[in-house]
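> Below are the structure tokens for one structure; questions will follow.
The values are calculated or read from the model by the stated rules, or taken from the named source; none is laboratory data. Since we're looking at a predicted model, the values are computed, not measured. We place every Cβ from the backbone using ideal geometry, glycine too, and count neighbours over all the protein chains shown.
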Amino acid sequence: MALTKSVASVDACQEIAQNTVVEGTTVDVSGCYAAALHIDFAQTNATAHTGTKIRVQVSSNTPGGGDEDWHDLAEIIPAYGTTNLEAITNNPLSAGGTSITVASTTGYTRGIWVFLEDATFGNSEWVFVTAVVTNTSLTIVDGVTREHANTAVLNSIASRLPPIDIPDWAQRVRVIYDNTYDSDGATVAVRCRISKLTDV
């Protein structure tokens, strides 16, 4: 028997309004020998924020079964503080580019993830900063996947959470994005993918 590794989108990049709870897509993991969720997070407006509760839930009930058997597997409350929004000045920042030009680098340091918010929200990206030239540019470790015009905005509070392993007994998994944790905080961006090990 040959095992196959695969990765798939669970919840596409989306913005979650303040005081909103969003139920993510339920994924059937009944046929997986192993699986892990990969969750990305960022603030998207400059409002003081004390966190968004990201709750990973698993169910022992088979796919197509009822919803009375969901249990919490993990709870994460990432990215406190107030994001610094900074419009990029590249026009455009071409796909593959690793230098992002800006007028101000306040709030940006090397060794952090930042969120590059595109005018088309689904085209936004998380990038890792390796160098900063004060009030001039940021260098990122990997080139951007898509082209971004100078309408794109950097957000300084972002994270790519460590992968969350799904128990092999689980039948289903989902993520609950709870942006009511801070009743007067920021809007946030989230994205989720899943890696699977199967015999298909």
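> Of a type outside the set (S, T, N, Q), farther than 21 Å from VAL21 by Cα, in contact with a Leu (Cβ under 9 Å, 6 or more places away or on another chain) and surrounded by 19 or more Cβ atoms within 10 Å (Cβ to Cβ): is that true of VAL173 in this structure?
no
> Can I ask one more? Please go through segment 66-94 and pick out each residue that is in contact with a Lys or Arg (Cβ under 8 Å, 6 or more places away or on another chain) and farther than 27 Å from LEU116 by Cβ.
Result: TRP70, ASP72, GLU75.
> Please count how many residues of segment 25-82 are buried (at least 19 other Cβ atoms within 10 Å of the Cβ) and of a type in the set (Asp, Glu).
1
> Scan segment 106-124 for residues that are under 18 Å from the mean Cα position of the chain (by Cα) and in a loop (DSSP other than H, G, I, E, B) and jot them down.
GLY111, ILE112, ASP118, ALA119, THR120, SER124
> How many of the residues in segment 125-182 are of a type outside the set (Ser, Thr, Tyr) and either without any contact (Cβ under 8 Å) to a residue 12 or more places away in the chain or part of a loop (DSSP other than H, G, I, E, B) (or both)?
Here the count works out to 21.
> For ILE39, are the conditions met, namely being touching a Leu at 6+ places or on another chain (Cβ under 7 Å), farther than 16 Å from VAL190 by Cβ and not acidic (Asp, Glu)?
no
> Can you tell me which residue is nearest to the chain's Cα centre (by Cα) among those in segment 138-165 that are surrounded by fewer than 19 Cβ atoms within 10 Å (Cβ to Cβ) and of a type in the set (Gly, Ala, Ser)?
SER159
> For segment 90-138, which positions are among the small types (Gly, Ala, Ser) and either assigned by TED's automatic domain parsing to the domain that holds VAL190 or on the phi < 0 side of the Ramachandran plot (or both)? Outline the logic, then answer.
Of the residues in segment 90-138, the ones among the small types (Gly, Ala, Ser) are 94-97, 99, 103-104, 107, 111, 119, 122, 124, 131, 137.
Answer for segment 90-138, where residues must be among the small types (Gly, Ala, Ser) and either assigned by TED's automatic domain parsing to the domain that holds VAL190 or on the phi < 0 side of the Ramachandran plot (or both): SER94, ALA95, GLY97, SER99, ALA103, SER104, ALA119, GLY122, SER124, ALA131, SER137.
> Please tell me if SER30 is touching a Phe, Trp or Tyr at 6+ places or on another chain (Cβ under 8 Å), over 21 Å from THR151 (Cβ atoms) and hydroxyl-bearing (Ser, Thr, Tyr).
Spelling it out, it is not the case that SER30 is touching a Phe, Trp or Tyr at 6+ places or on another chain (Cβ under 8 Å), over 21 Å from THR151 (Cβ atoms) and hydroxyl-bearing (Ser, Thr, Tyr).
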